[in-house]
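Down below is the structure, laid out as structure tokens.
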Amino acid sequence: MATLFVTHPDCIAHDPGDGHPESPARLSAILRALEEPQFRTLLRREAPLGAKADAARVHGERFVEAVLATVPDSGNAALDPDTILSSASGHAALRAIGALISAVDAVMAGEANNAFCAVRPPGHHAEPGRAMGFCLFNSIAIAARHAQAVCGLRRVAIVDFDVHHGNGSQAVVEDDPTLFFASSHQFPFYPGTGAADETGMGNVVNAPLPAGTDGTGFRRAFETRILPALDAFAPELVLVSAGFDAHRADPLGGLELEEPDYAWVTARLLEIAGRHAKGRLVSVLEGGYDLRALAGSAAAHVESLMKAN
Ligand SMILES: [Zn+2]
């Protein structure tokens with residue numbers, strides 16, 4: 001069995017403009033890192049275009065059409081002050097959805113044990129009715145709904161270790177006990193949500209971390225709060241919002257993680273996937289804005305995924 005790696009050139013073409021931290025160079029840096037010999041055995045696939053109907057499971061048809069109608073023919077258009085579109089952004093956002101859905105289908109079919117989707121734009125800030133924080137559509141929540149509606153799974157978990165709280169994913173999960181959402185993130189910080197007392201229907205676990213928290217505090221939050229709750233939920237599929245902006249070198253985040261922390265958390269999540277979900281784990285790139293730290297952290301994450309095979 002293999003680890004699947006899914007990406008697409010359209011996701012590099014999405015360009016929010018010079019000086020925007022969510023740059024095409026982020027994805028190029030990850031692709032370069034994964035050319036190293038230890039990644040030779042990755043099963044590599046191009047992301048198909050996700051369907052608008054897939055996105056509508058989370059966002060509704062009208063919102064999906066409205067966002068896609070904002071995509072400019074040339075130049076840039078803004079959905080909010082941070083969320084800037086270029087002509088390629090619509091296709092990129094649909095490739096991100098297609099990457100996740102195809103990865104879920106692949107692990108369900110037993111073609112791979114687990115998968116990493118290196119795509120942009122990211123998705124975890126997108127709420128059902130609002131694009132924000134560099135995110136157009138919530139690709140990971142869309143994948144969770146696909147896993148339930150099409151693959152017939154009952155319990156799907158989303159775990160988010162991006163430095164920012166995944167407010168959009170939480171908004172999808174918090175009223176639905178068939179889903180689970182857990183997040184470690186800097187707090188207080190953008191987008192303002194993610195306090196420990198936001199628990200949904202008992203299916204949401206937030207582990208807010210003060211600025212300056214290092215790998216020790218991060219691992220303690222997972223060991224004492226997130227992993228026990230995830231284990232108790234007994235997910236049939238584990239989805240991971242893999243943002244790498246909690247790295248100590250990141251220019252946006254204020255946490256102090258390092259590459260081995262990403263390898264560690266990936267291994268712990270794989271253990272739980274192994275216990276309840278036949279090892280099925282699909283992760284997707286969210287943030288990470290220092291190119292070197294991003295590439296090294298994503299490589300550590302993927303190496304950890306490959307060790308489960
Ligand atoms: Zn982030």
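The values are calculated or read from the model by the stated rules, or taken from the named source; none is laboratory data. Nothing here was measured: the structure is a model prediction, and the numbers come from that model. For the accessible areas, the whole protein counts, side chains as well, though only heavy atoms, and no ligand, DNA or RNA atoms are used. Shrake-Rupley method; radii C 1.70, N 1.55, O 1.52, S 1.80 Å.
Miscellaneous remarks
- Region 116-160 gives an Rg/Rh value of 1.00, both radii derived from C-alpha positions and Rh following Kirkwood.
- Amide H contacts of Val205: Phe181, Ala182, Ser183, each under 5 Å away and 5 or more positions distant or on a separate chain (H built 1.01 Å from N in the peptide plane; Pro and chain starts excluded).
- Karplus (6.51, -1.76, 1.60) ³J(HN,Hα), θ = phi - 60°, over region 187-194, in Hz, Gly and Pro reported as x: 8, x, 5, 4, x, x, 8, x
- Scanning the chain for DSSP H helices at least 18 Å long along the axis (C-alpha atoms) with a Kyte-Doolittle mean no lower than 0.5 picks out 89-108, 291-307.
- Compactness check for region 142-229: Cα Rg over 2.2 N^0.38 Å is 1.09.
- Mean separation of Cα contacts under 8 Å (6+ apart) over length of the chain, as relative contact order %: 19 percent
- Split the accessible area of region 1-69 by element, probe 1.4 Å, and carbon with sulfur accounts for 52%.
- Restricting the calculation to Cα atoms, every distinct pair contributes to the Kirkwood radius of region 68-142, found to be 13.0 Å.
- Less than 5 angstrom separates the built amide H of Gly288 from those of Phe244, Asp245, all sequence-distant by 5 or more or on a different chain.
- Solvent-free Debye scattering, log10 I(q)/I(0), computed from the Cα coordinates of the chain at q = 0.08, 0.09, 0.14 Å⁻¹: -0.28, -0.36, -0.97
- Each pair of Cα atoms in region 1-132 enters the Kirkwood radius, and Stokes-Einstein at 20 °C and 1.002 mPa s then converts it into a translational diffusion coefficient of 139 µm²/s.
- For Glu127, distant residues with modelled amide H under 5 Å away: Met132
- For the chain, the share of DSSP beta bridges that are antiparallel, to the nearest 5, is 10%.
- Taking the DSSP bridge list for region 1-116 and keeping only pairs wholly inside it, about 30 percent are antiparallel.
- Taking every protein chain into account, the accessible area of region 93-207 amounts to 26 square angstrom per residue (probe 1.4 Å).
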